Amino acid sequence: MITFSGEFLQTWVISLLWPLTRILAVIAIVPILSHATIPRRVKLGLSVLLTIIIVPTIPPLPQFEAFSLEGLLILVQQVIIGFAIGFSMRLVFAAVDLAGQLIGLTMGLGFAQFFDPQTNGQSTALNQLLVLLAMLIFLSLDGHLIIVSAMARSFITMPIGLGGAGIDAMQIALWGNTIFSAGLMLALPAVCALLITNMALGILTRTAPQLNLFGIGFPITLSMGFVVVALSLSSMLQPIIKFIEQGTDNMMQVSVPKHVDNK
């Protein structure tokens, strides 16, 4: 009969618990894999599978008890590292979502919002379309494989232990500024065209007060918005690809701290 000692079970649990925590943190926030439509069992199963694959390649783990103070500190550290890796890629999709919101509100789609289970907030069909487009581009660029590669590399460059995560929090905060600049750059052509349309409608109503602004303005603005989005959709592809490539570079930078690069 095969028996397992308490020390063996503790070593086995630790060897899976800490890596699993980091991988779960990444999957909980990274685009596509964290989507609310994916069942939690699938996310957990994928995390366990990746942990089993990655664990044999990581450096030796520190010899701490899993539920000691040191073990809990390491557990928290793994969550922070995982969130940092996933958040650096999440910024790209936040920028695309912001662009869709700006265009939709300028078109007058503010009344046509619906609940988005991913963000737990209101969303329009237009920004859902742009986010879906960004997801398809992300998958076509093997973004899901880059995520797995960044997770596996992080265990080599930032091994599990109390030596410090080596994450540049200020750099991640600066990347957050790109949400607004990137989102505005994507939405600028459509917003400018709709602004000119609204100005023309304003001049028209000023010269002909008998016209019903709400009766003719909304259909014109909505139609003009769809035409501009359809014409500018192809020109949005290259900026979105550039943002995704920048996001993957940022994610790899998070998984390789500065002190490792200097070596």
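The values are calculated or read from the model by the stated rules, or taken from the named source; none is laboratory data. No experiment lies behind these values; they were computed from the predicted model shown. Because the Cβ atoms are built from the backbone with ideal geometry, glycine has one as well, and the counts that use them run over all protein chains shown.
So that you can scan it fast, the table gives a plain yes or no per residue for (1) over 24 Å from Asp97 (Cα atoms); (2) at pLDDT 80 or above:
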position: Met151; (1), (2): yes, yes
position: Phe180; (1), (2): no, no
position: Leu184; (1), (2): no, yes
position: Pro189; (1), (2): no, yes
position: Gln238; (1), (2): no, yes
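Filtering the stretch 200-218 to residues that are of a type in the set (A, V, I, L, M), under 18 Å from Phe111 (Cβ atoms) and either touching a Ser or Thr at 6+ places or on another chain (Cβ under 6 Å) or loosely packed, with under 13 Cβ neighbours inside 10 Å (or both) leaves only Leu213.
Counting residues in the stretch 115-136 that are touching a strand residue (DSSP E or B) at 6+ places or on another chain (Cβ under 8 Å) and either at pLDDT 85 or above or farther than 22 Å from Ala187 by Cβ (or both) gives one or more.
At least 2 residues that are within 25 Å of Leu194 (Cα to Cα) in each: list the helices (runs of 4 or more DSSP H) lying fully within the stretch 31-142 that qualify.
Numbers: elements: 40-54, 69-107, 125-140.
It comes to 69-107, 125-140.
Restricting Leu213, Leu231 to those that are at pLDDT below 80, out of contact with any Asp or Glu (no Cβ under 9 Å at 6 or more places or on another chain), under 29 Å from Thr124 (Cβ atoms) and not polar (S, T, N, Q) reduces the list to Leu213.
Thr11 - would you say it is part of a helix (DSSP H, G or I), of a type in the set (Val, Ile, Thr) and at pLDDT 85 or above? Give the derivation first.
Numbers: part of a helix (DSSP H, G or I): yes; of a type in the set (Val, Ile, Thr): yes; at pLDDT 85 or above: no.
No.
Checked against (1) closer than 23 Å to Leu141 by Cβ; (2) at pLDDT below 85, Leu50 passes all but a single condition, namely (2). One residue stands out among those in the stretch 87-123 that are crowded, with 24+ Cβ neighbours inside 10 Å and not hydrophobic (A, V, I, L, M, F, W, C): the one that is nearest to Val26 (Cα to Cα), which is Ser88.
In the stretch 138-147, what residues are touching a residue at least 12 places away in the same chain (Cβ under 8 Å) and surrounded by fewer than 16 Cβ atoms within 10 Å (Cβ to Cβ)? Lay out the reasoning, then the answer.
At the first step, the residues of the stretch 138-147 found to be touching a residue at least 12 places away in the same chain (Cβ under 8 Å) are 138-139, 141, 143-144, 146-147.
Leu139, Leu141, His144 - these are the residues of the stretch 138-147 that are touching a residue at least 12 places away in the same chain (Cβ under 8 Å) and surrounded by fewer than 16 Cβ atoms within 10 Å (Cβ to Cβ).
Go through the stretch 82-127 and give me each residue that's of a type in the set (A, V, I, L, M) and within 28 Å of Leu201 (Cα to Cα).
First, pick out the residues of the stretch 82-127 that are of a type in the set (A, V, I, L, M): 84-85, 89, 91-92, 94-96, 98-99, 102-103, 105, 107, 109, 112, 125-126.
Result: Leu98, Ala99, Leu102, Ile103, Leu105, Met107, Leu109, Ala112, Ala125, Leu126.
When Ile38, Ile58 are screened for being out of contact with any strand residue (DSSP E or B) (no Cβ under 8 Å at 6 or more places or on another chain), of a type in the set (A, V, I, L, M, F, W, C), surrounded by 13 or more Cβ atoms within 10 Å (Cβ to Cβ) and in contact (Cβ under 8 Å) with a residue 60 or more places away in the chain, only Ile58 passes.
Restricted to the stretch 180-199, and to residues there that are exposed (fewer than 14 other Cβ atoms within 10 Å of the Cβ), among the aliphatic types (A, V, I, L, M) and free of Cβ contacts under 8 Å to residues at least 40 places away in the same chain, the residue that is farthest from Gly247 (Cα to Cα) is Met199. Here Thr248 clears all of (1) surrounded by 13 or more Cβ atoms within 10 Å (Cβ to Cβ); (2) modelled with pLDDT of 80 or more; (3) farther than 19 Å from Ser154 by Cβ except the condition numbered (3).
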